[in-house]
Amino acid sequence: GCDASVLIRSARNDAEVNNNKHQGLRGQDVVDAAKAGLEDQCPGVVSCADIIALAARDAIAMTGGPSFDVPTGRRDGLVSNIRDADVLPDVVDSIQVLRSRFAASGLDDRDLVLLTAAHTIGTTACFFVKDRLYNYRLRGGGVGSDPSIPAAFLTELKARCAPGDFNTRVALDRGSERDFDDSILRNIRSGLAVIASDAALDASNATRALVTAYLGAASSRFEQDFVAAMVKMGTIGALTGDDSEVRDVCSQFNSD
Ligand code: HEM
């Protein structure tokens, strides 16, 4: 949920960020710096949860995507548990599981496709790609490479992520990782998705049709629909009441 639980750091390594699904998460320093500046100017007003939502909005505009307003007023949560990230979508989830995990948070197939398109920017650690390259369960038994990856692209990915390399970073949107655009959808359509959950959008009729629509008939609506999905996602689990606070430092509860 949008309660900045992921920013909490724990000496016992049992905070949400310690879940494997958050491996490689970065940018916390940017949030910390924004928070420090805000605390200087007007202490105790802007929550870490709002800073995350605003930073995501700004990253989109700064990479050439749409500029938009996000509602603010979220407060920061009082709990951060390693197991809380278990419900998040996983790179290895099937399209059915991805759809149901999004649905559990009130997000439909259209939101799934649009929000996955956020992978138009940024990179992934090989950690999240390696199983597709070397440890994919083959139908006939045994393990190998995901057969949906075109041969030349498989060679390219294996050259980037050698066996045992978990840390090298690879663009999620091949050829266009710094530009907010629809090329991630084109890559997904062409079998050039880097992580399995992106490739999975091609594996159900409903999501495949949405990818096709946003590359064609609905292309002029891509940005505005993406913004609507971002605003919707930004309400999930937002806190406003007594069971919350405005943290002084984003990585710590005020009581710590
Ligand atoms: C289907 C659900 C999703 C899955 C399984 C997923 C998975 C991942 C993974 C594995 C990475 C690489 C992490 C790393 O190695 O640091 C990643 C990166 C990223 N994801 Fe997602 N993601 C999902 C949804 C989203 C959504 C909804 C957004 C935002 C709207 C998003 C935005 C990003 C961005 C911007 C990056 C690049 C981060 C960087 O460069 O450090 N993802 N995602």
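I'd like to know if region 1-22 contains one or more residues that are open to solvent by 40 Å² or more (accessible area, probe 1.4 Å), out of contact with any helix residue (DSSP H, G or I) (no Cβ under 8 Å at 6 or more places or on another chain) and of a type in the set (D, E, K, R).
Yes, there is a match, as at least one residue in region 1-22 is open to solvent by 40 Å² or more (accessible area, probe 1.4 Å), out of contact with any helix residue (DSSP H, G or I) (no Cβ under 8 Å at 6 or more places or on another chain) and of a type in the set (D, E, K, R).
Just to be sure I understand, how many residues within region 61-74 are under 20 Å from ASP3 (Cβ atoms) and open to solvent by 70 Å² or more (accessible area, probe 1.4 Å)?
Adding up the residues that qualify gives 2.
Report those helices (runs of 4 or more DSSP H) wholly inside region 18-116 carrying at least 2 residues which are within 16 Å of the ligand (Cβ to nearest atom), closer than 20 Å to VAL211 by Cβ and not hydroxyl-bearing (Ser, Thr, Tyr).
Helices (runs of 4 or more DSSP H) meeting the threshold: 95-104, 109-116.
Can PHE127 be described as surrounded by 15 or more Cβ atoms within 10 Å (Cβ to Cβ), near the ligand (Cβ under 10 Å from one of its atoms), under 26 Å from ARG26 (Cα atoms) and free of Cβ contacts under 8 Å to residues at least 24 places away in the same chain?
Criteria not met by PHE127.
Given (1) in a helix (DSSP H, G or I); (2) open to solvent by less than 30 Å² (accessible area, probe 1.4 Å), identify the lone condition not met by ALA206.
(2)
Just the residues that are open to solvent by less than 10 Å² (accessible area, probe 1.4 Å) and either assigned to a helix (DSSP H, G or I) or over 30 Å from TYR134 (Cβ atoms) (or both), please, taken from region 183-199.
ILE184, LEU185, ILE188, ASP198
Can you tell me how many residues in region 213-256 are open to solvent by less than 40 Å² (accessible area, probe 1.4 Å), under 17 Å from SER80 (Cα atoms) and hydroxyl-bearing (Ser, Thr, Tyr)?
So the answer is 2.
When you scan region 158-182, how many residues do you find that are within 14 Å of the ligand (Cβ to nearest atom) and open to solvent by less than 70 Å² (accessible area, probe 1.4 Å)?
Total satisfying the criteria: 11.
Could you run through region 1-17 and say how many residues are of a type in the set (A, V, I, L, M) and not in a loop (DSSP other than H, G, I, E, B)?
3
How about region 117-149: which of its residues are in a helix (DSSP H, G or I) and more than 16 Å from ALA171 (Cα to Cα)?
Scanning region 117-149 gives ASP131, TYR134.
Out of ASP86, ASP58, which single residue is surrounded by fewer than 16 Cβ atoms within 10 Å (Cβ to Cβ) and without any contact (Cβ under 8 Å) to a residue 60 or more places away in the chain?
Selected residue: ASP58, the only one of ASP86, ASP58 that is surrounded by fewer than 16 Cβ atoms within 10 Å (Cβ to Cβ) and without any contact (Cβ under 8 Å) to a residue 60 or more places away in the chain.
Return the pairs, sorted by first residue and then second, in which the second residue is near the ligand (Cβ under 10 Å from one of its atoms) and of a type in the set (Lys, Arg), the first residue lies in region 101-117 and is farther than 11 Å from MET233 by Cβ, the beta carbons are less than 9 Å apart, and the residues are 6+ apart or on different chains.
ASP108/ARG99; ASP109/ARG99
The values are calculated or read from the model by the stated rules, or taken from the named source; none is laboratory data. Predicted, not measured: the structure shown is a model, and the values here were computed from it. Don't worry about glycine lacking a Cβ; one is built from the backbone with ideal geometry, like all the others, and counts go over all protein chains shown. Side chains are part of the model used for accessible areas, which takes the heavy atoms of the whole protein and leaves out ligands, DNA and RNA. Shrake-Rupley method; radii C 1.70, N 1.55, O 1.52, S 1.80 Å.
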